[in-house]
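*Asks:* Below is a structure I'd like to ask you about.
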Ligand SMILES: Nc1ncnc2c1ncn2[C@@H]1O[C@H](COP(=O)(O)OP(=O)(O)OP(=O)(O)O)[C@@H](O)[C@H]1O
Ligand SMILES: [Mg+2]
């Protein structure tokens, strides 16, 4: 289980996250929604310490980290328990698809080369890229790159995978293939926190939906609760804006 | 001045000059090695923004970039022994070549550090973030992800620096070192065929520069093979590459790396 307690973050004077509490059970898919600038990316980046929270606690299973006195070793440990899929893919540009997936297994997990290779090939086949093992990122479409990114995250067998708008940099016709892969791994019980604007996807994949605005969690619940019976005015406004066709009852 | 021009002297001087080629190449190689090491040491505090060291590094770079190499040679050759005398170190027996390599090493180091800083900065920040997110330490992220990409970006600048260094070594003769230019001076004085010596000399420098440039171009292609593929995306990336090169040059300010 992943637990965020009172996570706060300020950039200078600007407080971007204000005492965020969030629990994610094993195997659960949590989707975070919210308007631009509400702090979704910042929250995700706090979970793996790409952004240093100003305060709060992060626990993953038995492991607990107090953000006020985090040591280098703790941060390193935290990052080994998490993986991230980036909006801009961020594949290692000088490595092939296969090498991208193998890198963490070799360098972080210290697996023997043959073992790492076998596992990475299996994962790339799983995301439908068995024929692109030796392609460099520059030779892959956005959708293909993002699927390599997902395979790279899966390879680490993390406790949780963090997705920051994994499809928003993609051409519309490529969104489907990436969402299909995420759906598939969600069904396998991988714990995930996903920031997305894909409402249809959020509806059928999420176990839990969180709506953020202005650096706080405004409302959370099951997809039905949040999408069909939102309680807060801000949530209703947001949903109306983003899915005008959605007909929720009040 | 001197004897009438005679082309045959150019050819007969070539092998004579080439006997001192090893000295020139020795200076270049040692200075380059020293330069890369010094360059890293100077670049690190600037990359990691270490307060006092960063300022020291900037002063160092300003000195070596802002003063003529000839004056730097004299300062080290005549000045350093005087300074070291104060701490009872006798340098009168130290070979001139040591001073020459020291000066060129420190000089090149200043330019190298700028090259290193600019090319490391040019690597996309997302690359390091992905490395951290994968669970790498900062050392692993630097050596496995940033450095290999920075190398590819740095090579065009590096190439210019090596050629500039090669040409600069011709000033070592002013301290009496018998490298190629020194040898040419001597040959010229003895035979009075100055023009022919300098033509031969120019030819040799030209061939070496050209070879270095081509070799490094091959290295660049290899290091950037991930960006340089024969697909439709190719044009986009070669544009991007040029843009990042321009960015480095702009970042380095006027200097040897940027010139040529
Ligand atoms: N490095 C930074 N320095 C200063 N301010 C920042 C930084 N990163 C984010 N912010 C600010 O923090 C706030 C939240 O940003 P964040 O990127 O987390 O929003 P978001 O919910 O992910 O938005 P979007 O949907 O546009 O991605 C914004 O006001 C942003 O300007
Ligand atoms: Mg965002």
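The values are calculated or read from the model by the stated rules, or taken from the named source; none is laboratory data. These numbers were taken from a predicted model, which means no experiment stands behind them. FYI the Cβ positions are ideal-geometry reconstructions off the backbone, even for glycines, and counts take in every protein chain you see.
*Asks:* Select from the range A:86-99 the residues that are buried (at least 18 other Cβ atoms within 10 Å of the Cβ), within 9 Å of another protein chain (Cβ to nearest Cβ) and touching a helix residue (DSSP H, G or I) at 6+ places or on another chain (Cβ under 6 Å) and list them in ascending order.
*Replies:* Matches in the range A:86-99: A:89, A:90, A:91, A:92, A:93, A:94.
*Asks:* Would it be correct to say that residue A:148 is under 23 Å from residue A:21 (Cα atoms) and either in contact (Cβ under 8 Å) with a residue 40 or more places away in the chain or within 14 Å of chain B (Cβ to nearest Cβ) (or both)? Before the answer, list the steps.
*Replies:* Values: under 23 Å from residue A:21 (Cα atoms): no; either in contact (Cβ under 8 Å) with a residue 40 or more places away in the chain or within 14 Å of chain B (Cβ to nearest Cβ) (or both): yes.
Answer is no for this residue.
*Asks:* For residue A:56, are the conditions met, namely being touching a strand residue (DSSP E or B) at 6+ places or on another chain (Cβ under 8 Å), within 16 Å of ligand 2 (Cβ to nearest atom) and on the phi > 0 side of the Ramachandran plot?
*Replies:* Details: touching a strand residue (DSSP E or B) at 6+ places or on another chain (Cβ under 8 Å): yes; within 16 Å of ligand 2 (Cβ to nearest atom): no; on the phi > 0 side of the Ramachandran plot: yes.
Answer is no for this residue.
*Asks:* Another one. Among the residues of the range B:203-223, are any within 17 Å of residue B:28 (Cα to Cα) and either within 14 Å of another protein chain (Cβ to nearest Cβ) or not in a helix (DSSP H, G or I) (or both)?
*Replies:* no
*Asks:* Quickly run through the range A:165-191 and pick out the residues that are within 19 Å of residue A:43 (Cα to Cα) and either surrounded by fewer than 21 Cβ atoms within 10 Å (Cβ to Cβ) or away from ligand 2 (no atom under 16 Å from the Cβ) (or both). Working first, answer last.
*Replies:* Taking the range A:165-191 first, the residues within 19 Å of residue A:43 (Cα to Cα) are A:165-168, A:191.
Answer for the range A:165-191, where residues must be within 19 Å of residue A:43 (Cα to Cα) and either surrounded by fewer than 21 Cβ atoms within 10 Å (Cβ to Cβ) or away from ligand 2 (no atom under 16 Å from the Cβ) (or both): A:165, A:168, A:191.
*Asks:* Something else: So which of B:162, B:177, B:157 is buried (at least 17 other Cβ atoms within 10 Å of the Cβ), away from chain A (no Cβ under 14 Å), modelled with pLDDT under 90 and over 29 Å from residue A:134 (Cα atoms)? Write out each step before concluding.
*Replies:* Working: B:162 fails: modelled with pLDDT under 90; B:157 fails: modelled with pLDDT under 90.
On inspection, the qualifying residue turns out to be B:177.
*Asks:* Pick from the range A:199-221 the residues that are on the phi < 0 side of the Ramachandran plot and within 13 Å of ligand 1 (Cβ to nearest atom): which of them is nearest to the chain's Cα centre (by Cα)?
*Replies:* The residue in question is A:210.
*Asks:* Quickly run through the range A:193-215 and pick out the residues that are in a strand (DSSP E or B) and within 16 Å of ligand 2 (Cβ to nearest atom). Break it down stepwise before answering.
*Replies:* Start the filter on the range A:193-215 by keeping residues that are in a strand (DSSP E or B), which leaves A:193-195, A:208-213.
Correct list: A:193, A:194, A:195, A:210, A:211, A:212, A:213.
*Asks:* Can I ask one more? In contact with a helix residue (DSSP H, G or I) (Cβ under 9 Å, 6 or more places away or on another chain), part of a helix (DSSP H, G or I), over 19 Å from residue B:101 (Cβ atoms) and within 14 Å of chain A (Cβ to nearest Cβ), is that true of residue B:152? Break it down stepwise before answering.
*Replies:* Values: in contact with a helix residue (DSSP H, G or I) (Cβ under 9 Å, 6 or more places away or on another chain): yes; part of a helix (DSSP H, G or I): yes; over 19 Å from residue B:101 (Cβ atoms): yes; within 14 Å of chain A (Cβ to nearest Cβ): yes.
Judged against the criteria, residue B:152 is a match.
*Asks:* A further question follows. In the range B:39-69, how many are surrounded by fewer than 12 Cβ atoms within 10 Å (Cβ to Cβ) and within 29 Å of residue B:166 (Cα to Cα)?
*Replies:* From the range B:39-69, those surrounded by fewer than 12 Cβ atoms within 10 Å (Cβ to Cβ) are B:48-49, B:51-52, B:59, B:62, B:66, B:68; that's our starting set.
Retained after the next criterion (residues that are within 29 Å of residue B:166 (Cα to Cα)): B:59, B:62, B:66, B:68.
Selection size over the range B:39-69: 4.
*Asks:* Continuing with the same structure: Of everything in the range A:19-46, what is crowded, with 16+ Cβ neighbours inside 10 Å and away from ligand 2 (no atom under 13 Å from the Cβ)? Give them in sequence order.
*Replies:* Matches in the range A:19-46: A:20, A:22, A:24, A:28, A:29, A:30, A:31.
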